[in-house]
Amino acid sequence: MVRAAARSLPARPGVYQMEAADREVLYVGKARVLRNRVATYSSVQRLPIRLRRMIAQVRHVEFTVTEHEAEALLLEANRIKKLRPRYNILLRDDKSYPYIHLRTDHAWPQLLKHRGRKRRDGHYFGPFASVRAVNVTLNALQRAFPLRTCTDREFEARDRPCLQYQIRRCSAPCVGKVEDSEYAGFVEHLRRFLGGGGKEVQASLRSAMDRASADLEFERAAVLRDRIQALNTIQTARGGDLQHVGDADVFAVAEQGGQIAVQVFFFRGGSNFGNRTHFPMHGKEIPPATVLGAFISQFYDTQAPPATLLLNEKVPDMELLAEALSIKVGRRVAILVPQRGDKRQAVRAGEDNAKAALARRISERSNQLELLDALVEVFGLLHAPRRIEVFDNSHLQGTHPVGAMVVTGPDGFAKASYRRFNVRNADPSDDYAMMREVLVRRFKRLQREDPDRSKGQWPDLLLIDGGAGHRSAAVAALAEVGISGPAVVGVAKGPDRNAGRELFYAGFERPISLATDDPVLYFLQRLRDEAHRFAIEGHRARRLRAGIQSELDQLPGIGPRRKRALILHFGSLRAIRDATFAELLQVEGISATVARTIHDHFSSDV
């Protein structure tokens with residue numbers, strides 16, 4: 001089949017998709033010459049076992065022609081992230097990274113935490129490796145540069161300084177406690193500091209402190225001293241900086257026992273904005289350098305690369321990757337493998353972190369496998385489960401009922417596989433009926449999406465939050481859709497509903513109890529608690545959306561589509577209330593007339 005498909009392909013650059021009979025995309029690849037590249041798959045005996053398995057399932061080959069190979073590389077990365085074909089190398093964690101946003105679309109700029117698309121005017125600094133890194137930095141910056149933290153609505157309504165002014169974390173521009181020029185100086189110093197001019201800013205503050213001290217203005221000198229110390233705190237927390245590098249990302253790959261970790265360090269303006277470890281999904285026969293190259297192309301699919309990428313080893317088609325990233329951002333991007341100096345030290349630090357993270361993951365995975373093996377004896381299973389699905393329900397006095405499913409396996413919690421279900425038909429006062437509805441919907445969808453159980457999405461074990469009745473409801477739900485196979489266990493709190501005295505209903509004559517110091521008990525408690533947390537979060541979110549919608553229902557011209565757009569854009573009713581007219585105009589589907597209606601409605605509440 002593949003040989004025949006190859007003959008019909010053009011001799012041009014592009015992207016090809018290998019698809020199964022049901023049109024599931026199995027693999028996405030790029031090629032300099034589509035016809036030649038796809039033809040290589042016809043020599044099945046030369047392929048690794050993983051790809052032989054794939055070729056046996058291929059029934060269709062689709063393709064897209066591009067102008068050049070670099071464009072094909074960018075398109076390939078985009079489709080892999082979107083379609084997540086099971087035979088490609090996949091970036092597991094593709095959440096956007098947080099930034100610090102210096103907002104300048106107001107007369108009195110403010111500093112904000114930001115994640116997602118950069119819609120507002122101002123300066124964005126990052127990415128940072130984690131929200132925690134952003135919070136630590138913001139906390140110190142607020143002590144060094146006392147900009148306002150309040151919303152526009154609070155700012156306009158205030159007639160006296162707030163607590164932030166009392167503890168010297170805000171200069172109170174809302175009530176005229178600071179001159180325009182002085183506030184503008186805070187903003188400029190902040191922008192220069194986050195842009196890499198930390199040493200110059202600190203030198204300027206020291207000079208001002210010395211002048212204040214010489215003029216016997218000791219209180220002002222003490223304030224400047226505290227600001228300098230706050231900036232020193234940030235520099236210390238960042239660890240090693242690369243002042244002469246400017247903007248760079250460091251990538252280091254490590255391999256052990258067929259598993260691979262990629263460590264990423266962010267440097268902006270020479271300052272270290274933190275690091276994060278990723279564990280890409282890949283075939284065991286794929287070399288680390290190939291995994292790293294695929295990882296980088298997917299990593300920058302939704303964010304702009306800096307001027308320089310520093311790698312610990314060369315990746316295939318490195319020049320092509322640099323060309324593709326340069327095209328993406330409209331400026332030159334250099335990819336280097338440094339051999340000496342500070343850049344090499346940064347790469348070596350990345351290697352050390354990647355190796356340490358990988359060793360820790362292997363150790364944790366070993367413990368996880370031991371716990372999964374222990375479940376065989378506890379519940380009389382035929383084999384250690386590879387996928388466990390845990391179900392729980394949440395509602396408040398029968399309102400906004402939500403079912404939740406969390407997933408775990410040999411690699412721990414698989415958060416990308418978590419699912420929530422808005423309960424539609426079952427009476428929320430009937431917990432058994434809610435559980436039946438959730439499970440019937442879950443397994444009917446699974447039957448449609450993976451009827452031959454080849455995608456690894458079918459569970460070996462279901463954990464149900466509840467006792468014998470809940471387990472019976474789950475078994476009945478499976479029977480209703482004609483499913484057999486997964487073991488079903490109900491997890492009920494024991495006497496007095498005390499943690500540690502749980503009872504497990506696994507279909508035996510009597511429930512099972514475990515010793516309070518048994519690691520399997522702790523493991524099962526963790527699974528139950530994670531499902532409970534996820535269910536409650538879903539219920540709260542549904543209740544919040546309902547509250548926003550009921551408020552928006554009062555406004556003319558706001559239908560379901562516009563309500564949804566506002567909720568997705570702002571996330572909360574308070575954010576919609578505080579939005580300016582210009583911010584409302586940025587929402588998809590909101591015209592100037594509708595934006596004015598919303599703004600006037602909430603402004604009238606002040």
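Here are the numbers:
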| item | result |
| --- | --- |
| When region 388-542 is reduced to its Cα atoms, the Kirkwood hydrodynamic radius in Å | 15.8 |
| Semi-axis lengths (Å, descending) of the ellipsoid that matches the C-alpha gyration tensor of region 248-359 | 21, 17, 12 |
| DSSP bridge pairs, the chain: antiparallel proportion in percent, nearest 5 | 75 |
| The chain - mean residue ellipticity at 222 nm from DSSP helices (-39,500 (n - 2.57) per run, n ≥ 4, rounded to 500) | -14500 deg cm²/dmol |
| Cα-only radius of gyration and Dmax that characterise region 99-238, units Å | 15.1, 48 |
| Sequence ranges 285-292, 560-567, ranked by mean other-Cβ count within 10 angstrom, highest first | 285-292, 560-567 |
| Packing-based ranking, highest mean first, of 145-154, 47-56, 448-457 given that Cβ atoms within 10 Å are counted | 145-154, 47-56, 448-457 |
| Cα-Cα P(r), region 180-324, percent of pairs per 10 Å interval | 10, 31, 24, 16, 12, 6, 1, 0 |
| Rg ratio (alpha-carbon, reference 2.2 N^0.38 Å) - region 127-171 | 1.33 |
| Cα extents of region 358-423 along the three principal axes, largest first (Å) | 44, 32, 15 |
| Alpha-carbon radius of gyration plus Dmax, which is the widest Cα pair, for region 110-152 in Å | 10.9, 29 |
| Binned Cα-Cα distances of region 553-603, short to long, each 10 Å bin given as a whole percent | 28, 69, 3 |
| Fewest-first ranking of 315, 376, using other Cβ atoms within 10 Å as the exposure measure | 376, 315 |
| With eigenvalues of the C-alpha gyration tensor scaled by 5 and rooted, the chain, Å | 45, 36, 27 |
| Tail fraction, Cα-Cα pairs, region 2-83, threshold 16 Å, whole percent | 49 |
| Footprinting exposure proxy for 96, 171, 130 (fewest neighbouring C-beta atoms within 10 Å first) | 96, 130, 171 |
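Computed from the coordinates by the stated procedures, all read-outs in this text should not be read as laboratory data. These numbers were taken from a predicted model, which means no experiment stands behind them. When we count neighbours, we look across all protein chains shown, and the Cβ atoms used for this are built from the backbone with ideal geometry, even at glycine.
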